[in-house]
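Peer 1: The structure that follows is given in the form of structure tokens.
The values are calculated or read from the model by the stated rules, or taken from the named source; none is laboratory data. Model, not experiment: these values are computed from the prediction. We place every Cβ from the backbone using ideal geometry, glycine too, and count neighbours over all the protein chains shown. The area values use the complete protein model at the heavy-atom level, side chains included, leaving out ligands, DNA and RNA. Shrake-Rupley method; radii C 1.70, N 1.55, O 1.52, S 1.80 Å.
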Amino acid sequence: MTEPSTSPITLVIADDHPVVRHGLRSLFESSPGFAVLGEAADGVEAVELVARLDPDVVLMDLRMPGGGGVAAIAELSRRAARARVLVLTTYDTDSDTLPAIEAGATGYLLKDAPRDDLFGAVRAAAEGRTVLSPAIAARLVSRVRAPGNDTLSGRERDVLRLVAKGSSNREIAAELFVSEATVKSHLTHIYGKLGAKDRAAAVAIAYDRGILG
């Protein structure tokens, strides 16, 4: 008596690089248990394909000309699409990770993930389980353990924006109509909240986390 065959996990691949799409398609089609239904070159096309093909999982890149991944994820969530979205990208900064997860992504994986990890992540995503690459998970854990990281006050953000423009403490004080001592106090608080050692590090971290936009 033969066992009933298990239906393959169906996929849509969204990436603006044809070579990447082809590589991913070949990878999944060469492995039993997966079926690639279609490919999209941007987020808009991905949303259209999902509506038409109803896949189990969407492999979604983030930065794509003509329609980014985060907007596509948000639109799929708005439409209550059945498909789970697994972000597959080269970007692991907070400014990329958090918006994608907040928009509704089930998982977040980097493109350098080993093949077996990718297969496992797709299977987990299809079951509705959250999947995060070790690097992303570590960043999120660090963020949770340091809840004050991004809670800069409005005045602290003003100071940091002027620092980013190369202004000295004296120039910042004149611009904001405060004393240099007050500027130094703000900088001390900024360094503590961001875990930065100096002005350059504070600016770099702020851009990385999207605080300075």
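Peer 1: Taking Ser7 as meeting all but one of (1) part of a helix (DSSP H, G or I); (2) free of Cβ contacts under 8 Å to residues at least 12 places away in the same chain, write down the number of the exception.
Peer 2: (1)
Peer 1: Going by the structure shown, is Asp112 acidic (Asp, Glu) and modelled with pLDDT of 75 or more?
Peer 2: yes
Peer 1: Looking only at segment 48-68, how many residues end up being within 17 Å of Asp16 (Cβ to Cβ) and of a type in the set (Asp, Glu)?
Peer 2: Residues meeting the conditions: 2.
Peer 1: Still on this structure, please answer the following. When Gly33 is evaluated against the numbered criteria (1) on the phi > 0 side of the Ramachandran plot; (2) surrounded by 19 or more Cβ atoms within 10 Å (Cβ to Cβ), which criterion, by number, is the only one it fails?
Peer 2: (2)
Peer 1: Looking at the structure I just gave you, is Ile73 of a type in the set (Val, Ile, Thr), modelled with pLDDT under 95 and open to solvent by less than 50 Å² (accessible area, probe 1.4 Å)?
Peer 2: The answer is yes for Ile73.
Peer 1: Which one is least open to solvent (accessible area, probe 1.4 Å), of the residues in segment 168-213 that are closer than 19 Å to Thr93 by Cβ and either of a type in the set (Ser, Thr, Tyr) or touching a residue at least 60 places away in the same chain (Cβ under 8 Å) (or both)?
Peer 2: Only one residue fits best here, namely Ile211.
Peer 1: Give the residue that is nearest to Tyr207 (Cα to Cα), with candidates limited to residues of segment 81-117 that are surrounded by fewer than 21 Cβ atoms within 10 Å (Cβ to Cβ) and aliphatic (A, V, I, L, M).
Peer 2: Of everything passing the filter in segment 81-117, Leu98 is nearest to Tyr207 (Cα to Cα).
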